[in-house]
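The block underneath contains the structure these notes are about, expressed in structure tokens.
Values quoted throughout were computed directly from the atomic coordinates according to the rules given, and no laboratory measurement underlies them. In this text, all values refer to a predicted model and were calculated from it rather than measured experimentally. When we count neighbours, we look across all protein chains shown, and the Cβ atoms used for this are built from the backbone with ideal geometry, even at glycine.
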Amino acid sequence: MTPGSRRYLHPEAIARIARLELRARAVVEGVLAGLHRSPYKGQSVEFLQHREYVRGDDLRRVDWKVWGRQDRLYVKEFEEETNLRVTLLVDGSASMNYGSGPLGKYEYAATLAASLAWLALSHGDAVGCCQFDDKVRASVPPRTKRSHLASVVEVLETPRNARPTSFLPALRSLAETLPRRGLVMVISDLLGDRDGVFQGMQLLRKRGHDLVLLHVMDDDELDFPFEGPTRFEGLELPDSIACNPRSLRAGYLAAVEEFLVDVRTRAAAARCDYSLIRTGEPVDAALVKFLSRRASMAV
Amino acid sequence: MPTFDFLPLLWWGLPLVAAPVVIHLINLLRHRKVPWAAMEFLLASQRKYRTRVLLKQLLLLLLRVAAILGIVLALAQPRWKTALGRMLGGARTAHVVLFDDSYSMGDLSADGRIGDTSCFDRGRLVVERICAELAAAPGQQELAIGRFSAFERTPQKQPISNPPAGEQRTENRIPEAQDAFDFRLQAVTPRLVQEVRDELGGWTASAMAAGPRAAVAAAAGVTGGGSGFMGGGSGAANVIWLVSDFRAKDWKADDETVALLRQLSDAGCELRLVDCGTEAGDGRQPGNLTVERLEMAGGVPATGVLVPLEVAIRNNSDRPVRDVAVELREDALGRPGVRIAEIPAGGVGTQRFDTRFTQSGAHLIEARIATDAVAADNARAMAIDVVDRVDVLLIDGDPTGGARAGDAFYVATALAPGAGAPTGLRPRIEPPRSLATLDLTSFACIWLLDVERLDTPEVAALEAFAKAGGGVVFFTGPRTKAEIVNQSLHRGGEGLFPVPLAGPIDLLPNAAAGAAAAPDVVVEEHPVVAVLSGQRNPLLDAVRIERSMAVERGFEPAAASGLRRLLSLRTGGPLVVERPYGEGMVVAVLSTAAPTWNNWARGNPSWVVVMLELESHLARSRRRAESLEVGDPITVRLEAAVDEIEVDVAVPPDGTLVHQTAVASPTGVLEATLPATSAAGGYTARWRRLDGTERERIFAVNVAANEGQLERIGRERLDRTLAGVAFKYDRAESLQPDTTTQAGVPLAKPLLHLLAAVLIIEQLMAFSASYHATFRGRSPA
């Protein structure tokens, strides 16, 4: 594990997820099997056992060598695995810099991404990663090697330029470059170019990708607990507002609620699996919750 | 326009009003900077609430400015001039200085000893300082100065409250109130200040016991209701300065003075109480002795007889005094004084002494004690009109008149035993009908001796005599008819005779004999028979009563009738009773004067003693010298067609002559009146008769004894007494005249209420504008 990966991979989170994964495997043979609907079948096989041929078995699975030696028909059975290609898109725009807790939004999102990458790699799935703002800043194509995690973390640690968000170019680029269908997980606060997000989502959807949208928001952004004279300076917008925050709180919360409803609606329309994650929530708890929900959907 | 008691505070405090604005501006600079991602929501909220938030913030700012302004104003003690006219009148302030010049202000005590500076001296300095400050004060200052004694003498009685609607205050009353002021209200100029200073130098404490009531009433009359010479749209704010020693006796919570002060305070006058009194260093009241009383203690004011006199000294301190020497003077000549061994704290010590006048006419007796804290009450005078002989009228019921063995003989003999024992009395024996013809006012006492019947005019004359203060003695006897007495003289208690009679009864002989026998006469507790009371008196034991007039069975005197026994029979029945009648006194002896029904008058000395005491007792009311206090007028009554109308009055202490011309009073009596006395002592009035002879009468005028009580009310009691009255209290030594203060309705209290309301609204508004911290909120770092 590289220093970078240590930064984003919290041992406790990994341990809990691993336990969850073991439990989930008993049901759906792998967390990631329940995580997505794999478009590939039988591409990755591992010999499991022989059994006698019965009528209806695929003749292609008859082990002719055994028939040659023993003159009996046996068929080979394989352990079936999905060979998933997971692409993680992490929003690295300026708005992700905000953070009220120990982890800022970006750190939280990167931790989340690294954890998911580790989880996927540990099951032999291919994981790719992309950090973007108004365009793709760093990316690495999906690979299945465990050592590929370092590359993913490297992408996550790529210095960011406090640029505004522009989803569409990044998603379009991704749609064009991803050769095979897979699972695309977008981790963002969705502040900024909201239309671009869902237009990009539509593009990916049309190319057959399974979409997951992890909406990361800070507790402050959801609760707006500020008091006393405060000047809010936009991270992406040039505006600033000097105000008594409590006098604007009601209006702010109403606007946030409207925003969340809009996002949920549009995610549902794009057949995108949407989850809102608060940065105040421990990463592991958020992952467990997310994976549990995915597992229950798969059942 | 409002005025401010502490104007400098206002000037210092006004800049603070800008504090909320400054704090607001500082807060703008001190805004915590938060880099914020979700600006679009914040901008949306701001667009939605911008106007409301701005209005709330502005209102909040205004409320905070108003709150600070309110605090500053309240501290500056604003006052609002009550009338619109005052608003238009500009900054004119009328100051009325009421200066206590009662004789207690002459108190020289300081730290338990006699000092050099009196309360009056301190008061003068206070008045001088007020004048000097007024001369230097901004705005138009007006000043009136009056002394308590002048207001006390002024006959004006200004109404306390405003006159009823439609009733105008009479024009001639206001000048009276103004006349009482030594300095009428006028603009303060350097010349006036000099005049006041010159005048103050000649002022001394008066000999009067003037309290603050009359002075405050005069001030209320001229300031209250807006129609006085200070009020009524003159545009002036009124400040009343009360410069006094604040003796406890003058200040009672339910007193009219307090009501007047409350009225003045409510009317917007500013009350400044300046205390010139002396604080006792050891916590004790300052000691002061007062000659409280000097009077005849019985006797007959006639030449050649001993006249008993009594002097009483009150100790107005909280510790007893011993061996008090009283110096006595008779007609300005010294005579042997007396000493009083001890006078308890707060008590009175008395001492009797006798004098014998050799010449008839007016005489003046004076008593004086050594100098103490207050000099004015250390002397007292008493005037006595001494005559050669005092006539006593004896109405003899014996139609033969003056029989040697008759009642009149025995009474006359007792009252005037002869040249060897002069009593000063001259009995005059007359028949009953003379009651209607004689001038009874020339007698002090009338004796009716077993009179069978009196006609209505005679009864009326006798009753008028008694009502006017004369003494009447009835002796009953064989000629007395009970039913006639009851009908014409007792009349169910309405008439003169003290008790209803049932008729004569015999007193059965005493069964016991010798020393064990109870005496027929029992002495009751009464000053007339005091000489016979106590142990058994052999003289009285010798008295035998054979018959007496019984009182109606079942007679119960009314509780308020004042009926009192002097002597009783051994059977329990009354023998001698008295009852007040009008100003006079009536005594009924229910037996004979002559030794007809008893043997008392036959050679028994106690008879003479009791008769003389009885005469003295009954005549006391008539002989009591007219009691005049400083400030009272002196009235000399003259006889028309006998006296000339010009009267000269020698006024103490230096005998300055004041000329008065007599005029007929509304009742037709010719009177020469000295309107008001200003000094204690003997006032000698002299006039001539038409026949050329000279007449003289002396009036003793004394200070009111109660002014000598020097107990001071003190600040705490004064606060309690004047509860609800807005006033400022200063000690004379520490007075800051602060003449820039202008009177008016004090606004501090309503302002504080308003301030509380503003602060409550501010808090509500701040809460509404979300400026209150919450437990879940996060304050700026």
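Key figures
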quantity: Residue-count net charge about B:Thr117 - beta-carbon cut-off 11 Å; Lys, Arg +1, Asp, Glu -1; calculated: -2
quantity: Cα lying deepest toward the dipole's positive end in the stretch B:556-658, options B:Ala601, B:Leu563, B:Ala641, charges on Cβ; calculated: B:Ala601
quantity: Low-density loop positions, GluC sites (Glu not before Pro), the stretch B:503-606 - DSSP coil, at most 14 other Cβ in 10 Å; calculated: B:Glu525, B:Glu552, B:Glu583
quantity: Full-extension gain in nm, B:Ser627 to B:Ser678, via 0.36 nm per residue minus C-alpha separation; calculated: 16.9 nm
quantity: About the Cα centre, charge dipole magnitude for the stretch A:112-253 (Lys/Arg +1, Asp/Glu -1 at Cβ), debye; calculated: 840
quantity: Net charge of neighbours whose Cβ lies under 12 Å from the Cβ of B:Ala650, counting Lys and Arg as +1 and Asp and Glu as -1; calculated: -1
quantity: HN-Hα J in Hz across the stretch B:440-453 - Karplus 6.51, -1.76, 1.60, θ = phi - 60°, x for Gly and Pro; calculated: 6, 5, 7, 10, 9, 8, 10, 10, 10, 10, 6, 7, 6, 7
quantity: Positive-end extreme of charge dipole, the protein assembly as shown - chosen from B:Phe767, B:Met611, B:Leu328 (charges on Cβ); calculated: B:Phe767
quantity: Helical mean residue ellipticity (222 nm; -39500 (n - 2.57) per DSSP H run of 4+; nearest 500) of the protein assembly as shown; calculated: -9500 deg cm²/dmol
quantity: Contact order relative to length of chain B, as percent, for alpha carbon pairs under 8 angstrom and 6 or more apart; calculated: 16
quantity: Shielding score for B:46-54, defined as the mean number of other chain Cβ atoms within 10 Å; calculated: 4
quantity: Range in chain B, longest, excluding exposed trypsin sites (Lys or Arg not before Pro) [loop by DSSP; at most 10 other beta-carbon atoms within 10 Å]; calculated: B:1-403
quantity: Net charge contributed by nearby residues that have their C-beta within less than 15 Å of B:Ala468 (K/R +1, D/E -1); calculated: +2
quantity: Under the Karplus curve 6.51 cos²θ - 1.76 cosθ + 1.60, θ = phi - 60°, whole-Hz ³J(HN,Hα) for the stretch B:356-365, x wherever Gly or Pro sits; calculated: 9, 8, 8, 10, 6, x, 7, 10, 10, 9
quantity: HN-Hα J in Hz across the stretch B:288-296 - Karplus 6.51, -1.76, 1.60, θ = phi - 60°, x for Gly and Pro; calculated: 7, 9, 10, 6, 7, 8, 8, 7, 5
quantity: Amide hydrogen neighbours beyond the local backbone of B:Leu108, cut-off 5 Å, H modeled; calculated: B:Val374
quantity: Mean Cα-pair separation over length for the stretch B:289-387, i.e. relative contact order, pairs under 8 Å, 6 or more apart, %; calculated: 33
quantity: Only Lys, Arg (+1) and Asp, Glu (-1) charged, at Cβ; chain B dipole about Cα centre in debye; calculated: 4460
quantity: Chain B: DSSP helices with Cα axial extent of at least 24 Å and average Kyte-Doolittle hydropathy no lower than 0.0; calculated: B:39-75, B:119-136, B:748-768
quantity: Coil-residue chymotrypsin sites (Phe, Trp or Tyr not before Pro) of the stretch A:229-295, DSSP, other Cβ within 10 Å capped at 13; calculated: none
quantity: Inter-chain Cβ neighbour average for residues A:218-228, partner chain, 10 Å; calculated: 5
quantity: Dipole magnitude of the protein assembly as shown, debye to nearest 20 (Cβ charges: Lys/Arg +1, Asp/Glu -1, about Cα centre); calculated: 7820
